[in-house]
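Data block below; observations after.
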Amino acid sequence: MAATATEPRRASVLGVPVDVCPDVLAAAVALWRRGGGQIVTLNAEMTMAARSDPALGAAIASAALVIPDGAGVVWALGRQGLRVRRSPGIELAWALLAQAASQGWRVALVGASPAVMDQLVARLRQELPGLQLVFSAHGYQSPDSWPALGQQLLAASPDLVLVALGVPRQETWIQRLPGRRGGLWMGVGGSFDVWAGVKKRAPTWMGALQIEWLYRLLQEPSRWRRMLALPSFACAVMKER
Ligand code: UDP
């Protein structure tokens with residue numbers, strides 16, 4: 001079955017599900033209309049992590065929408081004859097904030113450092129003045145305050161929740177929130193840091209050459225160990241029939 005703008009077609013890369021759809025924003029809005037769910041943005045590093053971390057694997061498998069965010073995943077789908085455009089999660093998340101501002105959606109933000117959260121809230125107030133921000137919490141709370149925070153968040157009945165706690169924690173935290181109902185729930189990694197101006201995205205030419213990973217490595221050398229997953233991903237995809 002071919003994918004339509006609002007009905008993605010589910011494929012998989014190394015056994016990890018990923019949705020093929022021509023317009024991720026339209027698919028996300030359609031999901032919100034159907035009652036919401038979890039959105040995962042999948043890249044090569046996460047695909048490898050999901051294979052060795054059952055909790056992350058389960059969160060991705062139960063997500064309502066998994067978008068291909070990463071040149072590696074797009075390349076792996078291409079080897080199956082599926083032509084897909086890369087959909088950076090940070091771009092979908094910003095487009096959803098703009099949608100929220102224009103449609104009166106209730107928005108919640110969770111994660112990043114207290115300073116980043118403050119800067120982000122200030123920036124959103126300036127750039128999206130109509131945005132209804134109903135809940136925000138930074139990501140460095142004491143461990144025992146998370147259950148109450150989750151309850152407060154659910155009580156705010158958000159339409160859109162962006163969670164920046166890093167992979168895999170943001171995906172598993174969303175999946176395990178008891179009593180989660182409507183709304184879109186999306187892990188956004190370092191997006192809050194970028195929006196707050198603390199981190200930079202790779203320049204467009206690096207994206208075009210598919211070497212954004214190199215930029216991230218130069219900006220955060222401590223990521224080298226995580227990035228060893230990339231050559232393993234390429235080998236596993238080439239071995240996959
Ligand atoms: N973070 C957080 N609480 C923590 C650990 C991390 O809120 O206990 C935030 C961190 O400040 C950053 C985001 O999670 O804003 C993770 O960003 P990263 O680029 O590392 O995401 P990933 O590559 O894992 O998707």
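Of note:
- Number of residues in segment 91-119 that are within 17 Å of the chain's Cα centre (by Cα), among the hydrophobic types (A, V, I, L, M, F, W, C) and crowded, with 18+ Cβ neighbours inside 10 Å equals 11.
- For segment 121-139, filtered to residues that are within 16 Å of the ligand (Cβ to nearest atom) and in a helix (DSSP H, G or I), the residue that is surrounded by the most Cβ atoms within 10 Å (Cβ to Cβ) is 124.
- Scan segment 76-86 for residues that are buried (at least 18 other Cβ atoms within 10 Å of the Cβ) and at pLDDT below 95 and the total you get is 2.
- Any helices (runs of 4 or more DSSP H) falling wholly within segment 153-241 and containing at least 3 residues that are more than 11 Å from the ligand (Cβ to nearest atom): 169-176, 204-208, 212-219, 229-239
- Selection within segment 74-113 - β-branched (Val, Ile, Thr) and in contact with a Phe, Trp or Tyr (Cβ under 9 Å, 6 or more places away or on another chain): 90, 107, 110
- Of residues in segment 196-214 being of a type in the set (A, V, I, L, M) and within 28 Å of residue 109 (Cα to Cα), the one surrounded by the most Cβ atoms within 10 Å (Cβ to Cβ): 196
- Filtered residues of segment 52-84 (kept if touching a residue at least 60 places away in the same chain (Cβ under 8 Å) and farther than 21 Å from residue 170 by Cα): 71, 72, 75, 76, 77, 79, 80, 82, 84
The values are calculated or read from the model by the stated rules, or taken from the named source; none is laboratory data. On a predicted model such as this, the values are computed, not experimentally measured, just so you know. Positions of Cβ are backbone-derived with ideal geometry, glycine not excepted, and every protein chain shown enters the neighbour counts.
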